[in-house]
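J.: Here it is, the structure, as structure tokens.
Please treat every number below as a calculation from the coordinates, not as lab data. These figures come from a predicted structure and were not determined experimentally. Here the Cβ is made from the backbone with ideal geometry for all residues, glycine too, and neighbour counts use every protein chain on show.
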Amino acid sequence: MLSNIALYGAIETGLIYGLVAFGIYLSFRVLDFPDLTVDGSFPLGAAVAAVLIIEGWNPWLATGCAVMAGMAAGAVTALLNVKLKILNLLASILTMIALYSVNLRIMGRPNVALLTEETVLTPWYDLDLAYHQVPVLLFIIVVFVALILLWRFMKSETGLAMRATGANARMARAQGIATGAMIVLGVAVSNGLVGLAGALFAQSQGAADVTMGVGVIVIGLASLIGGEAVVTPSSVLRALIACVVGAIIYRLAIAFALNADFLGLQAQDLNLITAVLVTLAIVLPGVRTSIANRLTRNKA
Amino acid sequence: MISATDLRLTFGKGTPLENPALRGMSLTVNQGEFVTVIGSNGAGKSTFLNALAGEVLVDSGQIIVDNLDVTKLPTHKRAGRVARVFQDPLAGTCEGLTIEENLALAIKRGQRRGLTSAVKRQYMEKFKDSLSSLNLGLEKRLGDKMGLLSGGQRQAVSLLMASLTPSSILLLDEHTAALDPKTAAFVLELTTKIIEEQKLTALMVTHSMKQALEVGSRTVMLHQGEVVFDIEGKDREGLEVKDLLGLFEKQRGLEVDDDSLLLG
């Protein structure tokens, strides 16, 4: 079965993808805005953080800049949709494609190594913990803070206005809500979270790579849908918890699949396993049918 | 006071489907008036309401709401002055949000929304008071999702939401048309009660001539994007559907061919 290191590694990555799932929950669920920008904003966050850390910036400051960069990317997608009336899915694909070039420009090369640099994790290794436990501890704290902030935001006047925008835009406008501004804010925050995830991922993996964003959207969706199947998202808090639970379950499932020798799977099969898991999560009976219905309808 | 002057709007301009929906529509509604609006399909009733609400912007003309020219303002910037109940009972509320969250959205209509908690404790009494006036027991179900309510219940809540904060005008767009007769009667009764109690200025579009004469203080008939007649006070008292039809034919010199007007 799983070694200790593989187990902690799965939880560590799961926590990072929990942040991605928060972002996808915000765009897909709250705003009903299918946003693929995340495939570009994840490596964008990684690239910004990595380059700034190498420049000698404080790693937390660098991570903060990564969040801002992600938010800017999200805002571009949302503005393409709101101001230029480009279909939301297409707007996000345009930004995603553009970000590939932007990320290469930021890094100046396809990848940047961080192995010898001081990262947000460095001071935590002084704690009396095993090496593989340190990132898990730090990321639990980060995810917890993000969850509480998002939850409070969703319960605020502005957050409620954002939820109304996604659920019933005409009603929202009639209540005086500037729905366009809500979409820009929501998609920006969503991608800010994904940028944060990218920045943390680069620091825990020791490198930023221009291709690290491929399939982030699918993994995030897998986490979201899986989590919703396990934790019924009857309230905002439960929906957010479902994101984290789903992301960790997903990473554990992947780790088990890759470690189960009798299956004969290897690391390069990851995307195939992901696609199969997402498909199963959507079509399996007993998995919340309403969500399944929605997804198959949206994709049709 | 609301005044709409010479509103003109053509959909699909320059295409084979060009459709002039408003052709010089003018109407002034005074403070405290309850105007019912009738007209056959395509007369421009809904377009007129959408133009007042800001969902469509007119090609020319002017709309003034309480001394503010709102002609060019988008819906959300007018919302503080213009309250609205839609025809579709599901359109006025968010089914995924709870009853109290929907009311909390409405209590801030047209105001700035900040980062403080949306559902505040000090609102609760007001929410419970207004919900209990419906006699539907909803005051005990504040935390329930809106989607659990029936269409009639949701339309009643939409009406409450529209009257929770003051407005210059309340727009009702055939808001009983999609309900069964019994529920429609309940919602209509509730409408007149709220309008009378709060002395609201209201504009109600209806498909039923009978309803148009039974409620309100003034009746306006639209035809082909214009007002064809406008009656109130003594002229309106005791008027029946057949009188309205007669009036219409006299004004236009044509026969009413829309059965739904007669049957309604």
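J.: Quick one: if you take sqrt(5λ) for each eigenvalue of the C-alpha gyration tensor of the stretch B:44-140, what semi-axes come out, biggest first, whole angstrom?
T.: Computed over the stretch B:44-140, the values are 30, 17, 12 Å.
J.: Express the relative contact order of the stretch B:130-243 as a whole percentage, based on alpha carbon pairs under 8 Å and six or more residues apart in sequence.
T.: Dividing the mean separation by the residue count of the stretch B:130-243 yields 19 percent.
J.: Binning at 5 angstrom from zero up to the longest distance, how are the C-alpha pair distances of the stretch A:1-129 distributed in percent?
T.: Per 5 Å bin, starting at zero, the Cα-Cα P(r) for the stretch A:1-129 comes out as 2, 10, 16, 19, 18, 15, 10, 7, 3, 1, 0 percent.
J.: Computed FRET efficiency, Cβ-Cβ of B:ALA185 and A:VAL276, R0 45 Å: what is it to the nearest 0.05?
T.: Calculated transfer efficiency: 0.20.
J.: Let me ask something else about it. What are the principal axis extents of the Cα atoms in the stretch B:36-88, in Å, biggest first?
T.: Principal axes ranked by extent give 31, 25, 18 Å for the Cα atoms.
J.: Using each residue's phi in the stretch A:249-265, evaluate 6.51 cos²θ - 1.76 cosθ + 1.60 at θ = phi - 60° and report the 3J(HN,Hα) Karplus result to the nearest Hz, with x for Gly and Pro.
T.: After applying 6.51 cos²θ - 1.76 cosθ + 1.60, I find 4, 4, 5, 5, 4, 4, 4, 4, 4, 6, 8, 6, 4, 5, 6, x, 8 Hz.
J.: Same structure again: Averaging over every viewing direction, what projected area does the convex hull of the Cα atoms of the stretch B:103-202 cover, in nm²?
T.: Across all orientations, the stretch B:103-202 yields a mean hull projection of 6.8 nm².
J.: How much net charge surrounds B:SER117 when only the other residues with a Cβ under 10 Å from the Cβ of B:SER117 are counted, with Lys and Arg +1 and Asp and Glu -1?
T.: For residues surrounding B:SER117, the net value is +3.
J.: Let me ask another. For each of B:LEU222, B:LEU247, count neighbouring Cβ atoms within 10 Å of the residue's Cβ, then give the residues from fewest to most.
T.: Lowest count first: B:LEU247, B:LEU222.
J.: A further question follows. Could you list A:PHE139, A:PHE262, B:PHE186, B:PHE11 in order of exposure, starting from the residue whose Cβ has the fewest other Cβ atoms within 10 Å?
T.: The order, fewest Cβ neighbours first, is A:PHE262, B:PHE11, B:PHE186, A:PHE139.
J.: For B:GLY39, what residues show an amide H to amide H distance below 5 Å, using hydrogens built from the backbone and excluding near sequence neighbours?
T.: Long-range HN contacts for B:GLY39: B:LEU222.
J.: What size of dipole, in debye to the nearest 20, comes out for the protein assembly as shown about its Cα centre when the only charges are +1 on Lys and Arg C-beta atoms and -1 on Asp and Glu C-beta atoms?
T.: Here the protein assembly as shown has a charge dipole of around 460 debye.
J.: Sort B:ARG154, A:ARG109 so the one with the fewest other Cβ atoms within 10 Å of its own Cβ comes first.
T.: In increasing order of surrounding Cβ atoms, one gets A:ARG109, B:ARG154.
J.: Turning to a different aspect of this structure: In chain B, what percentage of the DSSP-assigned beta bridges are antiparallel, given to the nearest 5?
T.: In chain B, approximately 60 percent of DSSP beta bridges are antiparallel ones.
J.: Calculate how many DSSP beta bridges within the stretch B:147-261 are antiparallel, expressed in % of all such bridges and rounded to the nearest 5.
T.: About 60 percent, rounded to the nearest 5.
J.: Okay, next question. Based only on the alpha carbon positions, what is the Kirkwood hydrodynamic radius of chain B, in angstrom?
T.: Answer for chain B: a Kirkwood hydrodynamic radius of 19.3 Å.
J.: What is the stretch B:1-141's relative contact order, in percent, from Cα pairs under 8 angstrom and six or more apart in sequence?
T.: About 18 percent, as a whole number.
J.: Related question: Please get the size of the charge dipole for the stretch A:101-221, origin at its Cα centre, with Cβ charges of +1 on Lys and Arg and -1 on Asp and Glu, quoted in debye to the nearest 20.
T.: The calculation lands at about 780 debye.
J.: Moving on. Search the structure for amide H atoms under 5 Å from the amide H of B:GLU33, placed 1.01 Å from N in the peptide plane, and list their residues when 5 or more places away or on another chain.
T.: B:ALA202
J.: Net charge near B:ASP59: determine it from the other residues with C-beta under 11 Å of the C-beta of B:ASP59, scoring Lys and Arg +1 and Asp and Glu -1.
T.: Overall, the nearby charge balance is +2.
J.: Let me ask something additional. In Å, what is the Rg of the alpha-carbon atoms in the stretch B:1-99, and how long is Dmax?
T.: Both quantities, over Cα of the stretch B:1-99: 14.7, 45 Å.
J.: Output the relative contact order of chain B, whole-number percent, from Cα pairs under 8 angstrom with separation of 6+ residues.
T.: RCO, chain B: 27 percent.
J.: Restricting attention to the alpha-carbon atoms of chain A, what are Rg (one decimal) and Dmax (integer), both in Å?
T.: Both quantities, over Cα of chain A: 18.6, 59 Å.
J.: Residues with beta-carbon under 13 Å from that of B:ARG84, excluding B:ARG84: net charge, scoring Lys, Arg +1 and Asp, Glu -1?
T.: Net charge around B:ARG84: +1.
J.: Pop the C-beta distance of A:SER101 and B:SER60 into the FRET formula with R0 = 45 Å and round what comes out to the nearest 0.05.
T.: Efficiency at R0 = 45 Å is approximately 0.45.
J.: Then there is this: What is the ratio of the Cα radius of gyration of the protein assembly as shown to 2.2 N^0.38 Å, where N is its residue count, to two decimals?
T.: In units of the 2.2 N^0.38 Å rule of thumb, it is 1.16.
J.: A follow-up question, please. Mind checking the dipole of chain B: about its Cα centre, +1 per Lys or Arg Cβ, -1 per Asp or Glu Cβ, Debye to the nearest 20?
T.: With Lys and Arg at +1 and Asp and Glu at -1, about 1220 debye.
J.: Out of residues 5 or more away from B:PHE11 or on other chains, whose amide H comes under 5 Å of its own, with H placed 1.01 Å from N in the peptide plane?
T.: Placed amide hydrogens put B:ASN19, B:ALA21 under 5 Å from B:PHE11.
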